[in-house]
Structure formats: structure tokens, C-alpha cells
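Okay, so here's the structure we're looking at.
The values are calculated or read from the model by the stated rules, or taken from the named source; none is laboratory data. Computed from a prediction, not measured in an experiment: that's the story for all the values here. Cβ coordinates were reconstructed from backbone atoms using ideal geometry, including for glycine residues, and neighbour counts include every protein chain displayed. All accessible areas refer to the heavy atoms of the entire protein, side chains included, with ligands and DNA or RNA removed. Shrake-Rupley method; radii C 1.70, N 1.55, O 1.52, S 1.80 Å.
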Amino acid sequence: MPDIDRIAEPWGTRTPYGPGETWPTRVDSHLAEGLTEADVDRWVQSATILHSNGDGLDIAVKDGEIVGVRGRAEDRVNHGRLGPKDLFGWQANKSPDRLTKPLIRRDGELVETDWDTAMDAVAGRAKELLAEQGPSAISFYTTGQLFLEEYYTLGLIAHGGIGTNHVDGNTRLCTATAAAALKESFGSDGQPGSYTDIDHADVIALFGHNMAETQTVLWTRILDRLAGPNPPQVICVDPRETPVARAATLHLAPRPGTNVMLMNALLHEVIANGWVDEEYVQAHAVGFAELEKRVADYPPELAAEICDVPVGQIREAARILGTAQRLMSSVLQGFYQSHQASAAATQVNNLHIIRGMLGKPGCGLLQMNGQPTAQNTRECGADGDLPAFRNWSNEQHVKDLAAVWNLDPMQIPHYSPPTHAMQMFRYAEEGSIRFMWVQATNPAVSLPELGRIREVLAQERLFLVVQDIFLSETAQLADVVLPAATWGEKTGTFTNVDRTVHLSDKAVEPPGEARPDLDIFIDFSRRMDLRDKDGQPLVKWDDPEGAFEGWKECTRGRPCDYTGMSYDKLRGGSGIQWPCNDEHPDGTERIYVDGQFWAAPDYCESYGRDLVTGAPLSPVEYRAMNPTGKAVLKAVEYLPPHEVPSQEFPFQLITGRTLYHFHTRTKTARAPQLQKAAPEVWVELSAGDAADRGWAEGDLLEVSTPRGRVAARLRISGIRPGVAFLPFHYGYWDEPAGHQPDGERGRAANELTITDWDPVSKQPLFKAAAARVERLAEGDGRPSAAPTTTASRPVTDGVPPTRGGPDAHSTEQFATVLGGAR
Amino acid sequence: MKLHLAIEELHRSEDHLATALLAASDRHKTDHEVFYVARDIARWSQDHVRRLSLIGQDFGLGLDPEPAGDPGLLETLRQRASEAVGRRPEPGMLMLADLRHIHREAAGVSLDWELLAQAAQGARKPELLELAQRCHPETLRQMRWANGKLKASATQVLVS
């Protein structure tokens, strides 16, 4: 079997294929040092957990321990492939510093305790506050990394049991805008696209989506198309020179904060040149006249000036998009975490609607997710929405949900939109939220303006519960820490961005006393004595499969219909795409076929919001606008960004991720190959900006904003002039001070970011700050530690390439002979 | 013809609304969405003030083209004060009062646009009607924002 360094070659070996052909299989695997497949006791089915792609894999088990992974050849998502984080990340499971016992704060110190003491403290405080203040004191901040069963149970407990409106996930930071944009255009969440659209597309457009680093296997699929006959044209919109930009037919690098201006100009050109599918628009959309009128004010010349992109590039991009036969688009954080996030993402939907590029092979639209189970956070209501895409402002939907849960509808809070994460922290800041239960996320590193967040979390008056697998920065501030089991140590399902549901079976026992998140929630519910309206226990299951069966009933007749699935059906074979029911027993590859949407006023998940103010539309307004449930074309004006560069803060600061890490590195820093590939923070500037100041690769710089300071070594990269980039992964848990900067300068990018969020999706804007950059010290000739394989590739000579070495060697097994007949 | 009176009144009420939005923004610097969105949509009123001043010339009016805008020092003081009380619950009540005030101001402006549009039609002044049709929807959006924000904030403020 061919052997390859997958740190040096993140996307592995090419298996070229042509349009309409099946993507060839390539099975990737990595086993612990010295082991071969013959040594493995058993393989346990699962899927990938360190990104959102949802690649099917099997976990190798030997002597009761995880010893490796292998991609599942039969899975529709990855055809056997795995990314570097999947190949090496599993090692974190058996890291010696896993939490193995509950901790409780005594005299200011976290000390080990037993589960009864810990859970009694949690339930006791919750009961006290319910009696004293009511449900408005209680909040839950969850994640995009638990399983479907856990989110559904959490949503039931929080909404149905406690009756609080304060439930959200860290998906607010990564995919809230995906959901919001889909609701605006199609009345409901649910991705129109399918990964197989890559097999058919003749144009692939990536808007603010560095797919090469965020979904490595999906990018591999595109690379294989690009290497094959009749490759698609690729358009990349990104201020950085990402691997996507380097592979693209056309790369537009707009000034951060100007996405709406660019999108409006592209739509302007598409409409002005008559590239609109008028028949489709007439039959299946509302709002075209208003869109046409609005984008008439945005000629390419204006956008060229505001976005600082050559006018010829805008025209050329519009021509490629406007004349595509099969257009596939994908959108991610470059849009979602920037100024006017939902407004910009919605314009990509508009492009697909006016071109009639929906519901057909190759005409996919993906509003991408960032985390493995983010889709479930949204579906199950753990992001505050009602489960199964029910509409909180539709009385009938609330009644229907109350019937499923056997509750009085008044028990389920639906008087206003759910409280989003940023607002929860605001309520905690002003003191009305007094109990916060954080699960599998690390706000003390991942939220904007960390100085403020640390102050909020450290308040005496806030009872903070943290449920995690490591003592994260956030856990260090907790009153009670609950040790959880993770992927491979518990059973559950999760769903990726193209609606593919995978089962992840338990492979090994969790360490020490760590418990599955589902068990912790059910324990809490029992201790709180939460009951339905007949006095029976509110949570009617005690294992994952029971929760899944409960969830299936909740989804009956809704867009994300799971009723046709079961654990048995998900075992063996490939993941299955929802909706899956009696009518579609094998799942559904494409939704929105023939212009049929889930947008009817009585059925839709949302009536939408004003794209500038975020004010929700009333049911009456929506019914008048869209009586028969067509797609909605929503026009929007460009607004100038809120924090603009000044003499004092001349750079635009954007943050983002690198291929080798996930979130705040809690798992990836504990996988040696990944940590070695990107061991410490860096800052990227363009060659021109560095030369103007006489700075060189490896110089130690200080990046500052009115909110904080970060020290990082310089990487001179292909980034847009005037823009500075910092990766957001680096916090303090592996530094002396533990949860905060040791001294006046930190290394977490979020020391610097601004507290501002999109008024529609409520997603924080991590790519919207103005910053000052100064040199602290000249380098010692050593380059910065940024990877060379990714968007941080140096543009200067003398930087040694990123290599994994012998430890990073993995195997690739090809189904057919390379270059042979396909 | 009392058209000029309608224009003059609208110019005054839009300017007042812009000022009210900016003042509310400054008072709630720690409620970040109110701080930013109120500023974003104050621009609409400021834009209306300029357009009304321009069209007012056709009716013999010499209206100030520059909206009142940010009051500088006062703005800074208000923002500092709002940060100082950011850890206390009382600003919640003040925010509800401010949103209620903005809704009422915007409702007044909305009616003024109705009046102007009616008059423009009666007097066959198409450019004036066009202005009303362009600006009035933004006033309605300002109202809906104040209403929506009030609705979303009221429960926590009042039951906690």
C-alpha cells in the first residue's frame, strides 16, 4: 500500500475523474506506530469529528484502546478518504490529562469530588434560582460537537423542562449565518446542495470559503475534478491567497467588510446581461423586481472602488457565474464572520435562484457548517430554535411540539426569538443570568473581546458549570466541572452539511469516571424531577437509541424527517441523507427539485428578518409577501463597516483557522503530528506591508486594538495588502497562566476582536476589527511557525516546508490502478 | 399650497429621529446590537434630511442640509456613562424606554411621510411623491426595529 506523509500532503494523492463520473475510491488509514491492520481486534463504525465534512470512518480497537482510523470506502461522503485531523486527532482521546473525575470549587480551588456531590450542586443551584427568579436566570451554552441525541435531550430539558429561552450553541460562532441565510431565502434551514454536485458542476464558486483547510476531503474531491478531463472553473472570493485561490480560475480578494457590495455588483451584471432564468424566477420566486431595482445601484465600477478589486475581475466573475450550465456554490466564514454577514450570504442564494441553479445535479448550494454536528445543534433546537425546524412564531407549531413532548404549550417559551449566545453573555454581564452551563466549548478563548468574556465568566454571582473532556480555559473558571466522554467512547448520530446522517458507535470505555453527555443530561433531569403534564418523567429514554426514536417522532412531517431511519439501517454501508421517510426510504439526495420549497407560511421555519435591522417579519407580513411558499429574493443595501482603519489602527484584522487545528486546540494540540505542524501563533502580513516597514519573516510583532494586545511572529504571505491575519486556535491552557495572558500580551486572537454581531444571524463578527501592528523585536533568523502547505504559505525564500516525518505516514489504498480505465 | 410646511415638518422630525437614535445608541454602548444598529439606521434619517433639504429648495425653503449628527463631547460622555453602569441591570429599563421613544418618534415621521405623499399626489408633484416612496419604507423599518427589539428585550428586563 502506498505510504504518504499526510502532514506534508494534506489532500493526498490525486485520483482524477471527469464530469458525471463516480469519484474513485481511495481508502486512507493511519494506525499507531508499529501496528498493521492484522493487529486490530475490531473496527467500529463512526464518522469524522474534527470538522464538518462528515466523512465515514472505522475506529481501530486493540486491547480496549483506540489505535487508529480507516476511511469507509462505501461512504457516499468520502469514498474512503480522511483528512490529516482525522488521521491523527484520535490520539487526543487517551491523553493523560483527560478529566476523569468531577471537580467542584471549594475555598476558591477546584477539587475532585464524586458525581452525586457535583450533580447535586448543579441541580441544587438551578432549583434555588428557579424558585428565586424563575427560568430567566438559567442558561445553557452548548456546542457543535455533541451528538444529535444529546442536543435533542438538552433542548427538551431546557425548553420543555426548565422553560428557559436562553439556549444556544457555539454554532452561533460558525454556522448561525448559514441557517439564517437559508431561512431568509427558502423559509427553512436545510441545505439545497449535495456533495455529489461537485461531480457534475462546470463552475464551482467558493465565497469566503477556504475549503482546502476547513473540509479537506471535500476539497480533495474538487482537486480530483480539476485533475481530470473537462475540469470545472473555480471562482474564489477571499482576501487571503488560500490553496483555493491558488487553484482557482479567478481569485477576487475584496477588502474585508465589502461582501455585500461585491455580491450586489455580481448580481447587477448577471441581471444586466440577461443571464437570468426568467421562467424559473417567474414560477418559483418572489421579490425579483425589488432585487433588480436594488442592484441597479451597484455597477461593477462602484464595487471595484469600494471592494478594491479590478473591475475586469468583477465582470469576468459575473460572466463565469452567469453563463455556468451547472453552478455549485459554497459559503463560509469569510462571509459569515464579516460585516453584513447574513445579507451577503443571502445574495449567494439569490444568485442560484435567479439562475435557476437548484435541485439539479451539479447545481448545489451549500451554506457550509464549521463543526461536525452543527447541523444537529440547529435541527434539534440546541441553538435556541424549536426542534425539527418548527417556527417559534407559529402558534400551531408550538402546539404540535407541545403534543410531542406532552406539555402545555405555555411551558415552551416562544414569546420572542431565542436568546443568542452573545446576548446570554450580556445578560450574565448585567447580572440577570446567574447560572450558565457550558458544554464542550471554550468561550474563554473562542468569543470576541476576551478581556470582557473572562470578566463575565469569573463573576462571583454567576454559577458556571463546564462539561468537557479537558480542563479548558473556561473550565478553570467554573464552579463545577463535569468530565465527559467523547467520540469513540459513546454512541450517537450526527449529520453533516449535505444532510448525511452517520452513526458513531462506542468503541472503547471513557477514562475514569467520565460519562456520556446524554447520561449527564438525563441525570440532571431526574434530579430536577422534570415531568410532563401527566406527571410522568419529561425525558422518556435512558439510552441513545431511545433518544433517537424520540427524535424521529419529533421530525415526522417536518423538512428534516428522520422517520425512515434507525440505528440498524445506519449500521454498515453509507450514511443516509434526510429527509428519509416512508416516501423516501433510502433518503433524499437533492431537495428543492422542480422549485418546490418548504417556504409555505403554515410550514416554514421562519418568516425571515429585515436584513439590515434584524427585526423579525410578522406572520401577516410574510403571508402577504409569499403566500404560496416560493423562494424569496431579498435585496439589501451595502452599509459601511462599523470599525474602519484609522491612522492609529491602520490594518484590517481578520482571524481564522489553519488546516491542522480545530477550535481552541483542545484535541489537536494533543495529537503530536498536528501540534508539530502548527505549534504556535503567527501573524500574516503582505510582502508590501512588511517591506514598507522593513520587517522580515520571523520578526516578533505586536498586534493591538483598543481591546487588547497579542504578540506573534511574522509570516509574510500572499494576503491582501492592508490586512493582518491571526489564527484563532491559540489560548492559554498549555501556557503558565492557564486561562489568561501571562503578562500584558496574549496569544489568543480574540483578545483583539470586536464585540459586534450580525443583526440577522447574531453571529459575532471576527473579521471586522481595525488593528495596529508594531515590531517588538527583530527575528533571530528563525521563520515563524506557520504551516507552509496552506494559506499561510510564505512568499519569501528560506522557510523550510512543513513536514510530518515518519510519524505522519499514512496509507492510501486505491480501488483502481491510477491512470487506468475508469 | 401648504406643501412647504409638510416638507419643513418632516425635515424637523427626521432630524429629531436621527438624534434620538444616536442618543439611544450612545446610552447603550454595552448593548452592542442596539449601539450599532441604531447608528446604522440613523443614517437613513440623516439621508432623508439631506434629500428633504435639497427638494425644499424647489419650494422656496432654505433647510439645513446637514443633519444634527453626533453631538461630540456629549456622545463620548454618554458612552462612558453607559460603560460604567454596564454591569448593572437598571439600563435594561432605560433601554425599553428609549426603544419606546424611538418607536413613537418613527411613527410620527411615518405619518408625516403619509401626509407628504398625499399632498404630492394632490399637487401632482411626482418628484416629491418619488421621494416619499423612497424614504417612507425605511421609516417603517426603523419602527419595526424598535418594536422587535423591545419585544425581544422586554421579558428578561421585566421578569428578572
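When we screen A:Asp699, A:Asp692 for residues that are open to solvent by 30 Å² or more (accessible area, probe 1.4 Å), out of contact with any Pro (no Cβ under 6 Å at 6 or more places or on another chain) and not assigned by TED's automatic domain parsing to the domain that holds A:Ser342, the only hit is A:Asp692.
The rows are residues; the columns are (1) out of contact with any Lys or Arg (no Cβ under 8 Å at 6 or more places or on another chain); (2) over 19 Å from A:Asp202 (Cα atoms); (3) of a type in the set (Ser, Thr, Tyr).
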{"residue": "A:Met328", "(1), (2), (3)": "yes, no, no"}
{"residue": "A:Leu332", "(1), (2), (3)": "yes, yes, no"}
{"residue": "A:Gln337", "(1), (2), (3)": "no, yes, no"}
{"residue": "A:Gln340", "(1), (2), (3)": "yes, yes, no"}
{"residue": "A:His352", "(1), (2), (3)": "yes, no, no"}
{"residue": "A:Leu358", "(1), (2), (3)": "yes, no, no"}
{"residue": "A:Pro372", "(1), (2), (3)": "yes, yes, no"}
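Within segment A:172-210, being of a type in the set (Asp, Glu) and crowded, with 24+ Cβ neighbours inside 10 Å holds for A:Glu184, A:Asp189, A:Asp197.
Condition check: in contact with a Ser or Thr (Cβ under 6 Å, 6 or more places away or on another chain) and surrounded by 24 or more Cβ atoms within 10 Å (Cβ to Cβ). Does A:Gln439 satisfy that? Yes: the conditions hold for A:Gln439. When segment B:50-109 is limited to residues that are open to solvent by less than 70 Å² (accessible area, probe 1.4 Å) and either of a type in the set (Asp, Glu) or touching a Cys at 6+ places or on another chain (Cβ under 8 Å) (or both), the one that is nearest to B:Leu10 (Cα to Cα) turns out to be B:Glu105.
Residues of segment A:401-416 that are within 14 Å of another protein chain (Cβ to nearest Cβ) and in a helix (DSSP H, G or I): A:Met410 alone.
Entry remark, segment A:417-437: residues being in contact with an Asp or Glu (Cβ under 8 Å, 6 or more places away or on another chain) and more than 9 Å from chain B (Cβ to nearest Cβ) number 4 in total.
Scanning segment A:161-187 for residues that are within 18 Å of the chain's Cα centre (by Cα) and of a type in the set (Ser, Thr, Tyr) yields a total of 3.
So that you can scan it fast, the table gives a plain yes or no per residue for (1) under 26 Å from A:Pro764 (Cα atoms); (2) in contact with a strand residue (DSSP E or B) (Cβ under 8 Å, 6 or more places away or on another chain):
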residue: A:Tyr638; (1), (2): yes, no
residue: A:Val644; (1), (2): yes, yes
residue: A:Ala671; (1), (2): no, no
residue: A:Arg693; (1), (2): no, yes
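Surrounded by 14 or more Cβ atoms within 10 Å (Cβ to Cβ), away from chain A (no Cβ under 12 Å) and in a helix (DSSP H, G or I) - does that describe any residue in segment B:28-44?
No.
Looking at (1) within 30 Å of A:Gly193 (Cβ to Cβ); (2) acidic (Asp, Glu); (3) open to solvent by 30 Å² or more (accessible area, probe 1.4 Å), which is the one condition that is false for A:Glu513? All conditions pass for A:Glu513, except number (1).
Yes or no, residue by residue, for (1) of a type outside the set (A, V, I, L, M); (2) touching a Ser or Thr at 6+ places or on another chain (Cβ under 8 Å):
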position: A:Glu697; (1), (2): yes, yes
position: A:Leu701; (1), (2): no, no
position: A:Ala712; (1), (2): no, yes
position: A:Pro736; (1), (2): yes, no
position: A:Asn750; (1), (2): yes, yes
position: A:Glu774; (1), (2): yes, yes
position: A:Gly779; (1), (2): yes, no
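If the requirement is being open to solvent by 20 Å² or more (accessible area, probe 1.4 Å) and of a type in the set (Ser, Thr, Tyr), which of these qualifies: A:Thr655, A:Thr705, A:Thr666? Of the residues listed, the single one that is open to solvent by 20 Å² or more (accessible area, probe 1.4 Å) and of a type in the set (Ser, Thr, Tyr) is A:Thr666. Scanning segment A:466-476 for residues that are crowded, with 24+ Cβ neighbours inside 10 Å and of a type outside the set (D, E, K, R) returns A:Val466, A:Gln467, A:Ile469, A:Ser472, A:Thr474, A:Ala475. For the residues A:Ala296, A:Ala283, A:Ala289, A:Ala227, the requirement of being of a type outside the set (Phe, Trp, Tyr) and either touching a Ser or Thr at 6+ places or on another chain (Cβ under 6 Å) or within 30 Å of A:Leu57 (Cα to Cα) (or both) singles out A:Ala227. Listed conditions (1) without any contact (Cβ under 8 Å) to a residue 40 or more places away in the chain; (2) facing another protein chain (nearest Cβ under 8 Å) are all met by B:Gln142, apart from (1).
Taking each residue of segment A:282-293 that is farther than 12 Å from A:Val632 by Cα and looking for partners that are crowded, with 18+ Cβ neighbours inside 10 Å and not acidic (Asp, Glu) with beta-carbon atoms closer than 8 Å, six or more apart or interchain, yields A:Glu292/A:Ile271; A:Lys293/A:Ala635. Out of B:Ala120, B:Ala97, one residue alone is away from every other protein chain (no Cβ under 14 Å) and within 30 Å of A:Leu130 (Cβ to Cβ). It is B:Ala97. Every listed requirement among (1) modelled with pLDDT under 95; (2) assigned to a helix (DSSP H, G or I); (3) within 9 Å of chain A (Cβ to nearest Cβ) is met by B:Leu158 save one, (3).
Within segment A:735-789, the residues that satisfy the criterion of being among the charged types (D, E, K, R) and over 23 Å from A:Pro640 (Cα atoms) are A:Glu735, A:Asp742, A:Glu744, A:Arg745, A:Arg747, A:Glu751, A:Glu774, A:Arg775, A:Glu778, A:Asp780, A:Arg782.
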